[in-house]
1. Could you check how many residues of region 30-51 are part of a helix (DSSP H, G or I), buried (at least 17 other Cβ atoms within 10 Å of the Cβ) and at pLDDT 95 or above?
2. Counting just the residues of region 131-172 that are loosely packed, with under 15 Cβ neighbours inside 10 Å and β-branched (V, I, T), which one comes out nearest to T121 (Cα to Cα)?
3. Within the bounds of region 173-182, is there any residue that is more than 15 Å from the chain's Cα centre (by Cα) and closer than 18 Å to F42 by Cα?
4. Taking S294 and the conditions (1) among the hydroxyl-bearing types (S, T, Y); (2) under 25 Å from E157 (Cα atoms); (3) free of Cβ contacts under 8 Å to residues at least 12 places away in the same chain, which numbered condition does it fall short on, given that it satisfies the others?
5. Might you let me know whether region 166-183 holds any residue that is among the small types (G, A, S) and in contact with a Cys (Cβ under 9 Å, 6 or more places away or on another chain)?
6. Against the definition (among the hydrophobic types (A, V, I, L, M, F, W, C), closer than 20 Å to P161 by Cα and modelled with pLDDT of 95 or more), how does A54 come out, yes or no?
7. Do you know which of the residues in region 251-280 that are surrounded by fewer than 19 Cβ atoms within 10 Å (Cβ to Cβ) and free of Cβ contacts under 8 Å to residues at least 60 places away in the same chain is farthest from I81 (Cα to Cα)?
8. Need a quick list: strands (runs of 3 or more DSSP E) entirely within region 203-296 having at least 1 residues that are among the aromatic types (F, W, Y).
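The values are calculated or read from the model by the stated rules, or taken from the named source; none is laboratory data. Source: prediction; values computed, not measured. Backbone-built Cβ (ideal geometry, glycine too); neighbour counts: all protein chains shown.
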Amino acid sequence: MDVMYAQKRRVRSPVGAGLFYPDNKGELLELLGSFGINSASFGYAKAIIAPHGAWSYSGAIAAGAFSSAMGRTGSIKRVVILGPIHEPKPSLTAREKSNEGTPVTKREKGLFLSNSYSFNTPIGNILVDRKMSKQFEKSGVSFEINDIPHLGEHSIEILLPFIKYCFPGASIVPVLMGQPSAQYIYDLAQGLKTVITPAIMEETLIIVSCNLSSNKDEKEARILAEESLRLFKEMNASALASAIFEDRLNACGGALVVSLLESGILQKTSCSSINNFVSAVTIENNTVYYSGLSFE
């Protein structure tokens, strides 16, 4: 009983609160209200793409994406949220420095589900749908229930307050993808196809956490962003996958969009932009572009 109780108490704590978005409940609710979610023209999107930047830049964009699904508020019981694992800063071992001098990264590899009971946000905890997580784990060899990649990653976390605010009774199935590969894209697509049946889809919202582009040259970043938007809207999974693996696009989360398209669960939908994209310059002097899209 003690083990079971301890398991139920496992809560994933936020790492981006106070950095990417407010950590104070009152401030957070005020900011969410200012985005106009309550007064927006609601839609019935089955899936959305929302950015994972600091809310000062991308919060209104994310709010627009969520508004496109708010017409389904009463029916959504769970949210399957897909996010990328970010590349850590490169490091060199002594041997690598002396031999090749090539940076070696330690980016996680695989598809990671959470073993937590809930994820904490400043406006309350969100339960994890552990039953569906188990179903995903059984659907492909790349899936692993492992909290470690989730603990320090912000791509999913940044969107959790929107989920709690817009769909307060919904649980989540958080899935992180490490270094993109054809195998991971295939396994996630098959998992979505297997687990999200038409009946389940009626009570499920799928969210892909994705930024359009990143580049030290602002003009190049915009070109990349425009191409990402074009391919997303065309819903051409093979063309999008080719662009990603040939390094013609660097959308952070783009491989997750490929999996969603390849799953076939959005065949009867069309993709549209929610709003114009915006950009921000990061502390690394990269220009990042954000936008929101809906599949309805």
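1. Going through region 30-51, the residues part of a helix (DSSP H, G or I) turn out to be 30-34, 37-39.
Cutting the leftovers down to buried (at least 17 other Cβ atoms within 10 Å of the Cβ) gives us 31-32, 37.
Filter again for at pLDDT 95 or above, leaving 31-32.
So the answer is 2.
2. The residue in question is I148.
3. Pass one, region 173-182, residues more than 15 Å from the chain's Cα centre (by Cα): 181-182.
Add one more test, that the residue is closer than 18 Å to F42 by Cα, and what stays is none.
Checked against the condition, which is being more than 15 Å from the chain's Cα centre (by Cα) and closer than 18 Å to F42 by Cα, region 173-182 yields no hits at all.
4. (3)
5. At the first step, the residues of region 166-183 found to be among the small types (G, A, S) are 169-171, 178, 181-182.
From what is left, the residues that are in contact with a Cys (Cβ under 9 Å, 6 or more places away or on another chain) are none.
Checked against the condition, which is being among the small types (G, A, S) and in contact with a Cys (Cβ under 9 Å, 6 or more places away or on another chain), region 166-183 yields no hits at all.
6. On the way: among the hydrophobic types (A, V, I, L, M, F, W, C): yes; closer than 20 Å to P161 by Cα: yes; modelled with pLDDT of 95 or more: yes.
Spelling it out, A54 is indeed among the hydrophobic types (A, V, I, L, M, F, W, C), closer than 20 Å to P161 by Cα and modelled with pLDDT of 95 or more.
7. N276
8. Numbers: elements: 204-209, 213-215, 271-273, 278-281, 287-290, 293-295.
Hits in region 203-296: 287-290, 293-295.
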